[in-house]
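The values are calculated or read from the model by the stated rules, or taken from the named source; none is laboratory data. Every value quoted in this text rests on a predicted model; they were computed, and no experiment measured them. As a convention, Cβ positions derive from the backbone with ideal geometry for all residues, glycine included, and neighbour counts pool all protein chains shown.
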Amino acid sequence: MCLLASATAAAPIPMTPAAPHNLPIAGALAKQLRAHVEYLAGPDLDGRKPGTPGNRAAADYLTARFREAGLHSFPSLGGYGQPLPQGLGDNLIGVKLAAGTGTATPWLLIGAHYDHLGNHRLGADDNASAVAILIETARTLPALQHHHLLFVAFNAEEPPFIRTPLMGSQHFIDHLPSEIGSPARIQAVIIMDLMGGVHWEPLRNTIFAAGAEKSPELYRRLKEATNRDADLQSSPLITRHSSPITPLTVLPVGLHLIEELPLVGQVSFSDYDAFRNKAVPFLFLSSGRTPRYHQPTDLPETLHYERMAATVGWLQDLLRAVDEDREPYRFEAGRMEFADEVASLRPLVSLASKQETKIPDTSFLSLWMLQKDSAWLESLDPARPTQDDVKRLERISIRLQCLLADFPGCFLF
């Protein structure tokens, strides 16, 4: 995998926040992605809060894009919409049937929530960015041979609905359309959330991939996808999108590094949780939180559209690879890939622990803690982790996430 080699080998990078004007939009796909985000996160929709006219307008927009992409709807639903209780609106479900034939063809689901908080919080990164990638993946990916494709824009993911039966993804899995049948028919799920933000230069062209470690077969495909294209200058992503950006870096991380909060315990953060609870193999993709998370400053002009365009191509390649697998994927709830987690975090912590390459606004105390973390990671043997090693890596990950989102008190983790 590419572990920020360009950042670590070059001269120190001044760690000012990654500014939107330094994120050029050159390719046609990037421009199309921005057009989707500008509508969904525009002032007229006022943040797409469930049950509001803006949320309904977003659903209408997605319905039109699904129709343009040639997606089918389920006859059992009578259209693309799956109504949620209490007048919250709809999940939007589009289908692309497999080109091959089979008596029990499995499903691959690609999903992202389209609602946000409303009240002048417009939600460009959260989560119009991922919905835009969903739309363009549906539009440009041909039918697979051995798996039906489900493109689902979930509603009601944000508080107060998250982790409740009213959450759109939870309602979906609890009330599966009859054409799907049971959760066992779903080979794998890919959930995207917060796919456009960037605050720290070393993460400019990076997204994180979590959760696949629970399925050995899905994780194998993820590792293949992150290891390919060693010759960066001849990467298919550059040719496919005529984009001048550095090829996409996808870093595998364990889901426990995101969810295990000190003094709190496990907390799920997106739509993947509904599928995990049904033992459906899943992959959670995100570029992570920035200081604009859930703020009025989360606007279309702050996103990295060329990285989003590269993600469309990478995601299509991953789906084609998964389509080659004919046997059902296993799900092992306690499985982790500790050595790969260390390999993903070690270079990031090293950069974050240095004054000249620190995350913007890192305090003296947090920098001191990161220096201790970096030294520990360099001495760690990841092949023989103890439970204390696992817990410390979780705290290091939470500290990094805290600093990237510019939350207060990051040195406490």
message: Can you find a residue that is assigned by TED's automatic domain parsing to the domain that holds Phe208, assigned to a helix (DSSP H, G or I) and within 20 Å of the chain's Cα centre (by Cα) anywhere in the stretch 344-351?
response: no
field: Criterion violated by Glu306 - all others in (1) closer than 20 Å to Pro183 by Cα; (2) among the charged types (D, E, K, R); (3) crowded, with 23+ Cβ neighbours inside 10 Å satisfied
entry: (1)
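A quick yes/no check of all residues on (1) under 30 Å from Ala28 (Cα atoms); (2) buried (at least 23 other Cβ atoms within 10 Å of the Cβ); (3) at pLDDT 95 or above; (4) not assigned by TED's automatic domain parsing to the domain that holds His113:
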site	(1), (2), (3), (4)
Leu299	yes, no, yes, no
Thr311	yes, yes, yes, no
Gln316	yes, no, yes, no
Glu332	no, no, yes, no
task: Answer yes or no as to whether Arg384 is charged (D, E, K, R) and either within 30 Å of Arg34 (Cβ to Cβ) or touching a residue at least 12 places away in the same chain (Cβ under 8 Å) (or both).
output: no
- prompt: How do the helices (runs of 4 or more DSSP H) wholly within the stretch 166-242 filter down when requiring 3 or more residues that are modelled with pLDDT of 95 or more and surrounded by fewer than 20 Cβ atoms within 10 Å (Cβ to Cβ): which remain?
  reply: 216-227
- line: Counted residues in the stretch 82-108 being touching a strand residue (DSSP E or B) at 6+ places or on another chain (Cβ under 9 Å) and surrounded by fewer than 18 Cβ atoms within 10 Å (Cβ to Cβ) come to 3
- request: Would you please name the residue that is surrounded by the fewest Cβ atoms within 10 Å (Cβ to Cβ), looking only at residues in the stretch 352-399 that are of a type in the set (Val, Ile, Thr) and outside any helix (DSSP H, G or I)?
  value: Thr386
task: Could you please tell me which pairs satisfy a Cβ distance under 6 Å, a separation of 6+ or placement on different chains, a first residue in the stretch 71-95 that is within 15 Å of His175 (Cβ to Cβ), and a second residue that is acidic (Asp, Glu) and crowded, with 21+ Cβ neighbours inside 10 Å?
output: Gly81/Asp90; Gln82/Asp90; Pro83/Asp90
- prompt: Just one of the numbered conditions (1) in the same structural domain as Ile191 (by TED's automatic domain parsing); (2) among the charged types (D, E, K, R); (3) more than 20 Å from the chain's Cα centre (by Cα); (4) in a helix (DSSP H, G or I) is not true of Asp273; which one?
  reply: (3)
- request: Could you grab the pairs with beta carbons closer than 6 Å, sequence gap of 6+ or different chains, first residue in the stretch 272-290 and at negative phi, second one among the polar types (S, T, N, Q) and not in a strand (DSSP E or B)?
  value: Ala274/Ser169; Ala274/Gln170; Pro281/Ser215
- prompt: Considering only residues of the stretch 305-323 that are in contact with a Lys or Arg (Cβ under 7 Å, 6 or more places away or on another chain) and of a type outside the set (Gly, Ala, Ser), which is nearest to Arg48 (Cα to Cα)?
  reply: Tyr305
Scope the stretch 153-165; condition in a strand (DSSP E or B) and surrounded by fewer than 23 Cβ atoms within 10 Å (Cβ to Cβ); matching residues: none
statement: Among Phe407, Phe411, the single one that is at pLDDT below 95, among the aromatic types (Phe, Trp, Tyr), surrounded by fewer than 21 Cβ atoms within 10 Å (Cβ to Cβ) and touching a helix residue (DSSP H, G or I) at 6+ places or on another chain (Cβ under 7 Å) is Phe411
